[in-house]
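Structure record follows, encoded as structure tokens.
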Amino acid sequence: MIRKLSAALVLVAFIVAASVLAVSRLAPPAEAQLFKQAPGSRAEVALSFAPVVKKAAPAVVNVYAQRVERQPRNPIFDDPIFQRFFGQQPGAQTAQSLGSGVIVDPTGLVVTNHHVIEGMTSVKVALADRREFPAEIVLRDPRSDLAILRIKSDEKAFPVLEMGDSDALEVGDLTLAIGDPFGVGQTVTQGIVSALARTQIGINDYGFFIQTDAAINPGNSGGALIDMNGRLIGVNSAIFSQSGGSVGIGFAIPVNMVKNVVAAAKNGGKEVRRPWLGASLQNLTRELAESVGLDRPAGALVTEVDPRGPAAEGGLKQGDVIVAVDGQEAADAGGVGYRLGAKAIGGTASLSVRREGKSVVVPLALIAAPEKPARDQIRIKGESPFAGATVVNISPATIEEFSIPNAKEGVAVVDVADNTPAAVVGFKKGDIIMSVNGAKIAATRDLDRAAAQQPYVWRLTVNRGGQVITSVIGG
């Protein structure tokens with residue numbers, strides 16, 4: 001199970017020691033010294049990660065977020081006689097979240113996970129030296145599960161963690177994870193890069209993660225994964241666990257994705273604009289790979305090309321297999337999405353493509369998806385089955401932003417408020433409302449007008465993940 005951060009060892013050591021001893025006995029005397037050699041200096045005896053930690057730890061913070069949830073209040077609670085016997089009754093509850101973050105700019109910009117601050121209205125950060133500051137949320141990017149905070153302070157220069165290059169990582173590289181697990185305080189754990197380009201995790205829209213065995217636990221979310229030069233290489237985000245604790249399988253968002261989000265915040269943006277491919281992709285199976293002349297299922301099959309998009313303009317065709325972006329391997333559809341999502345708007349990328357057994361390079365203009373028609377976002381009110389749902393018009397931009405699958409026409413649900421008719425009916429984010437009582441819904445205003453009616457029966461047609469569902473609801 002993937003979790004967001006919200007006596008065997010003795011046997012292994014014995015086996016390793018026995019193996020080393022056996023090799024030593026078989027090797028010539030000169031080679032044997034490689035296994036049995038006294039430290040050459042005091043420095044070698046005192047090898048430690050402490051210098052790396054001292055460099056990085058001051059820029060790693062704890063993030064505390066909360067929101068006040070107002071509860072329906074019974075008027076009897078305000079009766080003086082009731083209060084005399086039972087005391088003042090609370091009219092609100094406080095929801096809290098705990099995580100970690102990394103200072104990435106001396107002005108006080110902090111990167112953390114979006115799920116740490118999702119739905120929260122009040123945030124504060126605590127530095128490694130125990131100073132605490134309020135912070136404001138300046139950018140939310142649910143698609144990458146990242147968010148940017150700004151510390152509210154007169155401090156002139158905060159400690160900063162230098163950002164490295166996650167594309168330069170190799171499996172086996174040493175790593176350190178720094179964060180606040182379980183709220184116990186800043187903690188450092190050590191491990192290695194266990195794997196790269198993990199794309200079947202299902203945590204965010206750009207599923208492309210660094211896997212590490214450095215211990216990561218709830219509260220580490222948003223914390224730093226660093227290399228041996230003290231540079232940020234990833235933001236710790238989730239663990240695979242059946243118990244809720246670390247089992248040595250943790251996942252971090254690569255820093256090259258983080259850079260785009262930080263750049264957008266520095267430029268005053270409230271959202272991150274990313275390049276639009278303008279094509280639908282599918283992971284290759286072994287059978288599909290063989291059918292297109294590949295010896296292994298590596299790459300992303302192009303299943304559809306939007307004639308308005310940059311892929312069509314560059315010459316990408318249905319049936320092509322994208323195997324790399326700017327020379328960097330893309331093993332599946334998630335890999336292609338990440339490689340493009342980590343790039344800035346502007347310029348051109350090169351797609352390495354296999355087409356009918358031949359290698360082809362397709363240029364791709366790095367442009368943002370157009371918002372045509374305008375989204376015209378509306379929250380439906382009243383007492384209809386749609387009340388409490390927030391809807392937008394479908395466009396390339398809203399399809400990208402809200403990850404709406406199989407969307408061509410209709411109105412998309414992008415949020416459903418709790419305890420509303422829309423929630424009771426069962427509407428979900430990503431649903432596409434196609435028709436109401438036989439009338440086609442082509443725009444949000446169509447749905448708003450339809451919701452204002454009061455028929456005896458509601459006949460709804462909804463596209464959910466490519467499956468068209470028709471239902472009848474009593475009025």
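Miscellaneous remarks
- The C-beta contact set for the range 279-307 (first residue open to solvent by 30 Å² or more (accessible area, probe 1.4 Å) and in a strand (DSSP E or B), second residue modelled with pLDDT under 90 and among the hydroxyl-bearing types (Ser, Thr, Tyr), distance under 6 angstrom, 6+ apart or interchain) comprises Thr303/Ser280; Glu304/Ser280.
- The combined condition, being of a type in the set (Val, Ile, Thr) and within 18 Å of Asp105 (Cβ to Cβ), is not fulfilled by Ile210.
- In the range 99-131, residue least open to solvent (accessible area, probe 1.4 Å) [restricted to those that are under 16 Å from Ala56 (Cα atoms), of a type in the set (D, E, K, R) and not in a strand (DSSP E or B)]: Asp129
- In the range 389-401, the residues that are part of a loop (DSSP other than H, G, I, E, B) and open to solvent by less than 10 Å² (accessible area, probe 1.4 Å): Ser395
- Scanning the range 357-388 for residues that are charged (D, E, K, R) and outside any loop (DSSP other than H, G, I, E, B), we see that the one that is farthest from Val305 (Cα to Cα) is Arg379.
- Filter result for Ile404 (surrounded by 20 or more Cβ atoms within 10 Å (Cβ to Cβ) and over 25 Å from the mean Cα position of the chain (by Cα)): no
- Residues of the range 342-354 that turn out to be over 21 Å from Val272 (Cα atoms) and either open to solvent by less than 30 Å² (accessible area, probe 1.4 Å) or assigned to a helix (DSSP H, G or I) (or both), as a count: 2
- Where a residue in the range 448-475 is within 25 Å of Ser280 (Cβ to Cβ) and its partner, wherever it lies, is loosely packed, with under 13 Cβ neighbours inside 10 Å and among the hydroxyl-bearing types (Ser, Thr, Tyr), with Cβ under 9 Å and at least six apart: Thr461/Thr470; Thr461/Ser471; Val462/Thr470; Val462/Ser471
- Any hit, the range 317-325, residues being assigned to a helix (DSSP H, G or I) and in contact with a strand residue (DSSP E or B) (Cβ under 9 Å, 6 or more places away or on another chain): no
- Selection over the range 353-378 of residues that are under 26 Å from the mean Cα position of the chain (by Cα) and not aliphatic (A, V, I, L, M) gives a count of 4.
- Listed by position, the strands (runs of 3 or more DSSP E) enclosed by the range 404-475 that each have at least 3 residues that are farther than 12 Å from Phe386 by Cβ and among the β-branched types (Val, Ile, Thr) are 467-474.
- Checking each residue in the range 326-341 for being open to solvent by 20 Å² or more (accessible area, probe 1.4 Å) and in a helix (DSSP H, G or I) picks out Ala333, Gly334, Gly337, Arg339.
- Residue count for the range 425-447 under the criterion of being open to solvent by 60 Å² or more (accessible area, probe 1.4 Å) and charged (D, E, K, R): the result is 4.
- Among (1) part of a strand (DSSP E or B); (2) within 30 Å of Val362 (Cα to Cα) - the single one Ala252 does not satisfy: (2)
The values are calculated or read from the model by the stated rules, or taken from the named source; none is laboratory data. Predicted, not measured: the structure shown is a model, and the values here were computed from it. Reconstructed Cβ throughout: ideal geometry from the backbone, glycine too, with neighbour counts over all protein chains shown. Quick note on the areas: whole protein, heavy atoms, side chains included, nothing else; ligands and nucleic acids left out. Shrake-Rupley method; radii C 1.70, N 1.55, O 1.52, S 1.80 Å.
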